[in-house]
Structures are given as C-alpha cells and as structure tokens.
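Peer 1: Following this message is one structure expressed as structure tokens.
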Amino acid sequence: MPDPVISLSQPANTDPKIFGHQEEQQTLKVNVVRNILDANDRIASENREIFDRHKIFAINLMSSPGAGKTTLLEALGKEMGQRLRIGVIEGDIQSSLDAERVAAAGLAAVQIETAGACHLDANMIRSCLGDLDLTTLQLLVVENVGNLVCPAEFNTGEHAKVMLLSVTEGDDKPLKYPLMFRESRVLLISKIDLLPHVRCDVEAIKSTARSLNPEIRIIEISSYTGQGLEEWHDWLAEQVAAHAAALEG
C-alpha cells in the first residue's frame, strides 16, 4: 500500500481544539502584519509630504545583493551630479561601505545600518532625513537592502519603485518574485555586458515582467560600458522636472 498523501491545505491533526488554536494563531499573525504595514504606510505618507514640500522626487531602488545598485549610483554621480542635486540614503545590514562609495562619487549620502532587518521601512527613512539638507535636493534615491522580497512590501514614501535585475541572476526571477516586478515602475536589466558569458534569456525576462506589469519600463544597462545609462538618466531628469512642475501647478 502506498504511503498516504496529506494535503497541505488541511491540518494533519483534526482535533477541533488544536485546529481552533492554529486558526487563532494564524489570525493573530495576519492582524500583526496588517497593523505593521498600516503604521508603515502612515509614516510613508508623511515622508512623501516632506519630499513634496521640498519638491524632491524620491525613488526606492531595489535589487538582490550584487545586482549593481551602488555602482549604478556611482555612475549617476559622475554623469548627473552637475545636472541634478542628488541625495542618497543607503541601507545595509552592516557597514557604511556603500555610503562611502556614493559620497566619493559626489552625492550627498547617509547610511542606515538595519542591524539584521532585511529591508528599509518608512520610519527608518524618517529617522535620517534630518541628516540631509533637503532644501538643496531635487532627487532622493533610497538604496534598499539587497533582497527581492521584503523591500517591495514596505513603502518608504517614494514616488516610484525601481528595481535592478542582473543577467547573472537568471531569467526566472520574475516568476519567483512577482511582487517586486508588479510594484516597480522601471526595471533595469543590469550587467548586460556579461550576457555572452551567462545563460540568461533577456526577452523572457521582459515578457514575464510585462505580463505582471504592462506599464513597467524596461532598460538594459551596463554601468561598466555605459550602455543604457543615458536613457536611465534622462528618465530620472524627466521625472524630477515633471514632479516639480506638478507641485508648482
């Protein structure tokens, strides 16, 4: 006789007392998560009001570790530092290495060490706004902790979410982490210069991403060769100008 199959949708133990306790625990967890997200959204809304008051366009830059966020910001400082006044909030579990790199590229930068947290939230952003001179900024980039899950769930007050996906990560990531692609206005497919050396179907990434988010803008980039950076920088400049104009109107 074959081993019995237990459906994961049903509890293995059908004792009503135990089952009821499990349901109570699950309900409690759902309520706690909802309360955390609601509180975060309230602070995020306040953060956005601060950004709007200073006519700052803010983006939440997300990716897995090593996709090239900091290198992208170094290129941004080099190419756009004279065109836009840019500030960066760096999020890492530990160290200030990325903030130091970004500052060396000419951008105003502050570091948040999350001490183990896998994402930045609105309250973390609020806590460091006093360390930036917001009156001098037009663009604020929040470089989130490297993670394809949690950062997409927590609004920081940004006006747009932007994500990087490097070709070295493979073409299955939109299927595995759909929320990140649904939430992002722009997808930067990074390290495109490495494409001849890795197995990655870029067209499959684009197709799946657009099936999840038909409005997503996709730009292929290489911070090493410069491919696609002009289009990316122009998009940022356009958003900054449109945002300021809308607030003035």
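Peer 1: Looking at (1) within 19 Å of Glu74 (Cα to Cα); (2) crowded, with 21+ Cβ neighbours inside 10 Å, find the lone condition where Glu230 falls short.
Peer 2: Here Glu230 clears every test but (2).
Peer 1: Does Leu179 meet the test of being surrounded by fewer than 16 Cβ atoms within 10 Å (Cβ to Cβ) and more than 29 Å from Ala242 (Cβ to Cβ)?
Peer 2: On the way: surrounded by fewer than 16 Cβ atoms within 10 Å (Cβ to Cβ): yes; more than 29 Å from Ala242 (Cβ to Cβ): no.
When the stated conditions are applied, Leu179 does not pass them.
Peer 1: Taking the range 86-103 on its own, how many of its residues are in contact with a helix residue (DSSP H, G or I) (Cβ under 9 Å, 6 or more places away or on another chain), over 17 Å from His54 (Cβ atoms) and touching a residue at least 24 places away in the same chain (Cβ under 8 Å)?
Peer 2: 6
Peer 1: Do we find a residue being farther than 24 Å from Val240 by Cα, of a type in the set (Val, Ile, Thr) and buried (at least 19 other Cβ atoms within 10 Å of the Cβ) anywhere in the range 112-121?
Peer 2: Scanning the range 112-121 turns up at least one residue that is farther than 24 Å from Val240 by Cα, of a type in the set (Val, Ile, Thr) and buried (at least 19 other Cβ atoms within 10 Å of the Cβ).
Peer 1: Which of the residues belonging to the range 99-119 are in contact with a Gly (Cβ under 6 Å, 6 or more places away or on another chain) and either within 17 Å of Ile56 (Cβ to Cβ) or part of a helix (DSSP H, G or I) (or both)?
Peer 2: Leu107, Ala108
Peer 1: Of the conditions (1) touching a helix residue (DSSP H, G or I) at 6+ places or on another chain (Cβ under 9 Å); (2) assigned to a helix (DSSP H, G or I); (3) closer than 29 Å to Glu248 by Cβ, Ala39 clears all except one; give me its number.
Peer 2: For Ala39, the exception is condition (3).
Peer 1: Hey, another quick one. Within the range 147-176, how many residues are charged (D, E, K, R), within 12 Å of the chain's Cα centre (by Cα) and surrounded by 18 or more Cβ atoms within 10 Å (Cβ to Cβ)?
Peer 2: 2
Bear in mind that the values in this text are calculations on the coordinates, not laboratory data. Because the structure is predicted, anything quoted here is derived from the model rather than measured. A quick note on method: Cβ atoms are made from the backbone with ideal geometry, for glycine too, and the neighbour counts reach across all protein chains shown.
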